[in-house]
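> Can you keep this structure in mind? I'll have questions shortly.
The values are calculated or read from the model by the stated rules, or taken from the named source; none is laboratory data. Here the structure is a predicted model, which means the values were calculated and not measured. Don't worry about glycine lacking a Cβ; one is built from the backbone with ideal geometry, like all the others, and counts go over all protein chains shown. Just so you know, the surface numbers come from the protein's heavy atoms only, side chains and all, with ligands and any DNA or RNA stripped out. Shrake-Rupley method; radii C 1.70, N 1.55, O 1.52, S 1.80 Å.
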Amino acid sequence: SRKHADVVLVVDTSTSMLAPAGGGGRKIDAARTAIRAFLAQLDRVADRAALVAFDDTAAVAAPLTHDLDAVAAALDGLAHHEGTRLDLGLAAAADALAAAAAATDRTPAVVLLTDGRPNRVPTPVCGGRQEDTVLAAAQGLKAAGAQLYTIGFGDDVDRALLAALATSPGHAFIAPDGAALARIYAAVAEAIPCGGVYWPGARP
């Protein structure tokens, strides 16, 4: 049965997202197109969405709301800086979900898009790995019950890390170009209201 969704869309706004995407256009433009289509698939009355942007910092660009048009409009105002703080993006997503009233009839979900590997991320201990900090942020979201989907855009991503961050290997995707990115977001939009379950034919 369909459950209402609370979805936080976490978007990489590092300067590399201004680079050309496979198939033409810039990566960030392909992301905007795919995310707008994703939002159009949600229930405009019952579902809620939020937008988080991250580079060397992270911020909630649009809080969790039923006004999906406002979330789509926030895509146009995203600024770009160097840095890929995946950990901060995930932490901001947790904050966005926590700021909204919890409801048992909703599926909380986070959809993370990045075109790069984590950098400028502090390590938990001397000699530790940046990846450990990112994994800890993801674990907090998953422990709170959120479905975590990860999308790597292009070739310069850590596939193993993105698979480890996701709720399951089936929640991790790689998009080589803008067309694939759009298909992935469409499949995720179908899966989330079903509790994160992929029905036959849904996976791109």
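> Give, in nm to one decimal, the length gained when the segment between A160 and R183 is fully stretched (0.36 nm per residue of separation minus the Cα-Cα distance). Intermediate results must be reported in sequence, preceding the final value.
Working: separation 23, 0.36 × 23 = 8.28 nm, distance 2.14 nm.
Roughly 6.1 nm would be gained on extension.
> Further question: Just the number, please: Stokes-Einstein D of segment 70-180 in µm²/s, Kirkwood Rh from C-alpha pairs, 4 °C, 1.567 mPa s.
After rounding, the answer is 86 µm²/s.
> I need the P(r) histogram for the chain: all alpha carbon pairs, bin width 5 Å from 0 out to the longest distance, whole percents.
1, 8, 17, 22, 23, 17, 8, 3, 1, 0
> Under a plain spin-label model, where a point goes 7 Å from the Cα along Cα-to-Cβ, how far apart in nm are Q41 and E190?
Inter-label distance under the simple model: 0.7 nm.
> Moving on to the next point. Report, to one decimal in Å, the Kirkwood hydrodynamic radius for segment 74-124 based on all distinct Cα pairs.
Values: mean 1/r = 0.0753 Å⁻¹.
The Cα-based Kirkwood calculation yields 13.3 Å.
> Roll a 1.4 Å probe over the protein heavy atoms and report the accessible area of H66 in Å², nearest 10.
80 Å²
> Report the paramagnetic label zone for D29: residues of segment 174-189 whose backbone N is under 15 Å from a point 7 Å from Cα along the Cα-to-Cβ axis.
It comes to 178-179, nothing else.
> Determine, from the Cβ-Cβ distance of D105 and A73 and an R0 of 30 Å, the FRET efficiency 1/(1 + (r/R0)^6), rounded to the nearest 0.05.
Working: r = 27 Å, r/R0 = 0.91.
Plugging the Cβ-Cβ distance into 1/(1 + (r/R0)^6) gives 0.65.
> Still on this structure, I have one more. Kindly list the residues of segment 151-175 that lie in the label zone of N119, defined by a backbone N under 19 Å from the point 7 Å along the Cα-to-C-beta vector.
Counting backbone N atoms under 19 Å from the label point, the list is 152-162.
> What distance in nm separates the two pseudo spin-label positions at A143 and H66, each 7 Å out from Cα along the beta-carbon direction?
3.3 nm
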